[in-house]
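Data first, discussion second: the structure below is written as structure tokens.
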Amino acid sequence: MNAVPDPAPATQPRTAAVAAANATAASFAALTDSLDYLDAAGIEQVRQAYRFADEAHLGQLRNSGEPYITHPIAVATQCAVWKLDAQALMAALLHDAMEDCGVTKADLIDRFGAPVAELVDGLTKLDRLQFHTREENQAESFRKMLLAMARDVRVILVKLADRTHNMRTLSGVPRSKWGRIASETLEIYAPIAHRLGLNQTYRELQDLAFRHLHPWRYATLSKAVDKSRNRRRDLVQRVQAEVDAAFSRIGMQVRLAGREKTLYAIYQKMDLKHLSFAQVTDIYGFRVIVPTVTDCYTALGVLHQMYKPVPGKFKDHIAIAKLNGYQSLHTTLVGPSGVNIEFQMRTEEMHVVAEAGVAAHWLYKAQDGEGTSAERLGTKWLQSLLDIQNETRDAAEFWDHVKVDLFPDAVYVFTPKSQIMALPRGATVVDFAYAIHSDVGDHTTAAKINNELAPLRTELRNGDVVEVITAPVSTPNPAWLGFVRTGRARSKIRHYLKTLAHTESEGLGEKLLTQAIRAEGLEQLPPVDAQTQPLWDKLLRFTGNRSHSELLTDLGLGKRIAGIVAKRLMVLMAEHGHRPNALLMTRERYSAHEALSLGVVTLDGSENASVQYAPCCRPVPGDSIVGYLGRGEGLVLHRAHCSVAKRLQHKDSERFIAVDWSDEPTRLFETGVLVTIANGKGVLARVAADLANSEADITHVDMGDEAALDTTDLRLIVAVRDHAHLETALRNLRRTPAVIRAARITPQA
């Protein structure tokens, strides 16, 4: 009787084969074949980094069961394909050592030097820090990655190689994580790859993300493309033969390569344009690679003589390169059987830049001392990220500024001197101004597009000639933030407004503290000099401020009460032998309003950001007013009888100060007017004309939804010089036959 055979011998060879394959993938030999462009010293440095990483990751396995070291080796191999230098390959091998193995930056500096340690540190995630949300963590990690990239572009190249290998092996990760990782790849990493001109990586990341985000759609589309490929094989071969013969006849050397649209690109086109698969006609194409730039245009002529071009489908990206440095001539031709086929003409160097982008810098470094166009364009964009970071400290805000610049759609416009500038699609005149220089943006007052005056919010179109008109007195307008498109413009405007607000708040704070100290019997504030520095230091310790300037700014913003600070300052001065002036104290304290604790602040409208005019009652010169020092809002002005102000006074009276108007206000002031009119033809025009005759400007009109009724309420915001000017305008309105009632809007109690 035969015994049941032991299953072990059958599985043993299979287990042994897997172990052998893993051992091969985990060995340095897996990387050696890709390093032939390095010298012996460089290869030895990479070998040392491999040994260190292998030891650090010993015993760690990937989700697939492979030794963890196979991942750093795969990342380094991809970097070697881009011909990165030895330091970048060492960083690729060590990129997870700090995060996963407890290796410190100091350890890496000692072993491999500061440059390699800096690269690894730039790649390390911020797992040790605590964040409130995943989005904040992502924004912070992304920000660190971009900043490291702006200092050294190799960081992002290693990061993209890391993400590419992770996407290739995503099937080994739990399926519940596929959606998040694939979406992140589509939203962050693929656009960065495209922005840096890494076309092959960009295409692969998109397809891998599509496969894991929509597996069923990917499989269906893949089958459809396979069937189409088989059906059109004869057609493609025929076109290739005809094109080869045409170039042979004129004796031009060309290299013809087929190009197939990626599955994700096909899916996007079907989705955006609501097409069926059969309606997508440009799945196949050819790249014609020629020796010189002139040959590109010659090749274009040869092809146009063979097949009819499709109107509007010619693009010259050689004369005007894309933002990421990409250059080629594109044309779509009607081939045999009426099938549209796209051809791209480029030189060998253009081809390398098209496929490798910024990474092509390493391939052409020896021949091109100044760097390729791709490298220069890439560096320019990276520098703009550093500029944004210098003025933006919040991670989420930084991501908002930057992500809009990642996406490739661009418009090309001209300066008056015919210099070409590339801007993101949707960019406005203000974006253009800041792209030229921050000083031009800050002082922009008007613009001409194609020699005609245009609003600053006008979106630019391809081929526009833009002239910016500046004035020394012009400053950024907060309203610009509502329409600017580029991160650079937005960050510059915000930076200017924040700086202005603090400067003006400091001036207001000094005025408030001076008047408060007069109420304590001192003529003026002690100067800030060597003799009085100990006195100010004690006051700053009391208030918790770091500097004299910060204290005054806090007073202006309402974060500190001037009266309390003044009392403490007088105590400190008394310790130094100063005595208050009793007569001054009596005059200042009792000449002010009895319910208010400080002296009167005089306002003329020039205070800008440090003083706000309450939208509930909209005071104008001539109104009796009070000032409320809101916490962090600065000084808010209300009319004295405003119901909102009265409620605030009841619960927060110590924050109110006496304010009065200057004899000569410097500008117009807005206030609300309610006009009840009898509906009829041209009534609104007559109301507007009457206000214009009164020299009052209408800045806003709200008619509500009552147009069909016999009477309608118009809520207007008008700009007037003072209370008397407002009353004159209202009297003129009441004389208009169609006006039933005209009165100023006051807040309800």
* Asked: closer than 15 Å to residue 565 by Cβ and buried (at least 17 other Cβ atoms within 10 Å of the Cβ): does that describe residue 540?
  -> no
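May I ask you to list the residues in region 32-51 that are within 9 Å of residue 93 (Cα to Cα) and either among the hydrophobic types (A, V, I, L, M, F, W, C) or not assigned by TED's automatic domain parsing to the domain that holds residue 69 (or both)? Don't jump to the end; show me each part of the working.
First, pick out the residues of region 32-51 that are within 9 Å of residue 93 (Cα to Cα): 46, 49-50.
46, 49 - these are the residues of region 32-51 that are within 9 Å of residue 93 (Cα to Cα) and either among the hydrophobic types (A, V, I, L, M, F, W, C) or not assigned by TED's automatic domain parsing to the domain that holds residue 69 (or both).
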Quick check: anything in region 249-267 in contact with a Lys or Arg (Cβ under 7 Å, 6 or more places away or on another chain), among the polar types (S, T, N, Q) and not assigned by TED's automatic domain parsing to the domain that holds residue 79? yes
Residue within region 672-688 that is in contact with a strand residue (DSSP E or B) (Cβ under 8 Å, 6 or more places away or on another chain) and within 30 Å of residue 601 (Cβ to Cβ) present:
yes
Given the conditions (1) modelled with pLDDT under 70; (2) part of a helix (DSSP H, G or I), every one holds for residue 644 apart from (1)
Of those in region 417-429 that are touching a residue at least 60 places away in the same chain (Cβ under 8 Å) and either in a helix (DSSP H, G or I) or among the aliphatic types (A, V, I, L, M) (or both), the residue surrounded by the fewest Cβ atoms within 10 Å (Cβ to Cβ) is 420
Counted residues in region 668-700 being of a type in the set (A, V, I, L, M, F, W, C), part of a helix (DSSP H, G or I) and within 17 Å of residue 715 (Cβ to Cβ) come to 5
Of 657, 740, the only residue that is more than 16 Å from residue 620 (Cα to Cα), part of a strand (DSSP E or B) and in the same structural domain as residue 636 (by TED's automatic domain parsing) is 657
For region 260-267, check the following and say yes or no: at least one residue is farther than 24 Å from residue 412 by Cα, surrounded by fewer than 17 Cβ atoms within 10 Å (Cβ to Cβ) and more than 30 Å from the chain's Cα centre (by Cα).
yes
Filtering region 432-451 down to residues that are outside any strand (DSSP E or B) and surrounded by fewer than 24 Cβ atoms within 10 Å (Cβ to Cβ) yields 435, 436, 437, 438, 439, 440, 442, 443, 450, 451
Here the residues within region 160-175 that are of a type in the set (Ser, Thr, Tyr) and closer than 19 Å to residue 65 by Cβ are 169, 171
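Residue by residue, here is whether (1) basic (Lys, Arg); (2) at pLDDT 85 or above; (3) under 22 Å from residue 166 (Cα atoms) holds:
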| position | (1), (2), (3) |
| --- | --- |
| 72 | no, yes, yes |
| 82 | no, no, yes |
| 101 | no, no, yes |
| 109 | no, yes, no |
| 124 | no, no, yes |
| 127 | no, no, yes |
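I'd like to check something: does region 608-623 contain any residue that is on the phi > 0 side of the Ramachandran plot and at pLDDT 70 or above?
Yes, region 608-623 contains a residue that is on the phi > 0 side of the Ramachandran plot and at pLDDT 70 or above.
Suppose we keep only residues that are closer than 22 Å to residue 559 by Cα and either among the β-branched types (Val, Ile, Thr) or not in a helix (DSSP H, G or I) (or both) within region 483-523. Which one would you say is nearest to the chain's Cα centre (by Cα)?
The extreme case among them is 499.
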Apart from one, (1) of a type outside the set (Phe, Trp, Tyr); (2) surrounded by fewer than 19 Cβ atoms within 10 Å (Cβ to Cβ); (3) at pLDDT 85 or above; (4) within 30 Å of residue 156 (Cβ to Cβ) all hold for residue 246; the odd one out is (4)
inquiry  = When you check residue 93 against the structure, is it surrounded by fewer than 19 Cβ atoms within 10 Å (Cβ to Cβ), touching a Phe, Trp or Tyr at 6+ places or on another chain (Cβ under 7 Å) and either over 14 Å from residue 42 (Cα atoms) or at pLDDT 85 or above (or both), yes or no?
reply    = no
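So which helices (runs of 4 or more DSSP H) stay within region 282-375 end to end and still have 2 or more residues that are buried (at least 21 other Cβ atoms within 10 Å of the Cβ) and at pLDDT 90 or above?
Here the list reads 293-306.
Which one of these is surrounded by fewer than 17 Cβ atoms within 10 Å (Cβ to Cβ) and either within 26 Å of residue 294 (Cα to Cα) or at pLDDT 85 or above (or both): 203, 211, 238?
Answer to the selection: 238.
So which residues in region 470-482 are of a type in the set (Ser, Thr, Tyr) and not in a loop (DSSP other than H, G, I, E, B), if there are any at all?
470
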Among the residues that make up region 200-219, is at least one of them among the small types (Gly, Ala, Ser), touching a residue at least 40 places away in the same chain (Cβ under 8 Å) and closer than 30 Å to residue 79 by Cα?
yes
Heads up, the helices (runs of 4 or more DSSP H) in region 33-132 (entirely inside) with at least 3 residues that are touching a Lys or Arg at 6+ places or on another chain (Cβ under 9 Å) are 40-56, 70-81, 86-94, 114-123
In region 269-279, anything out of contact with any Phe, Trp or Tyr (no Cβ under 9 Å at 6 or more places or on another chain), under 19 Å from residue 215 (Cα atoms) and surrounded by 10 or more Cβ atoms within 10 Å (Cβ to Cβ) is listed as 269, 271, 277
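The values are calculated or read from the model by the stated rules, or taken from the named source; none is laboratory data. Small disclaimer: the values here were computed from a predicted structure and weren't measured. As a convention, Cβ positions derive from the backbone with ideal geometry for all residues, glycine included, and neighbour counts pool all protein chains shown.
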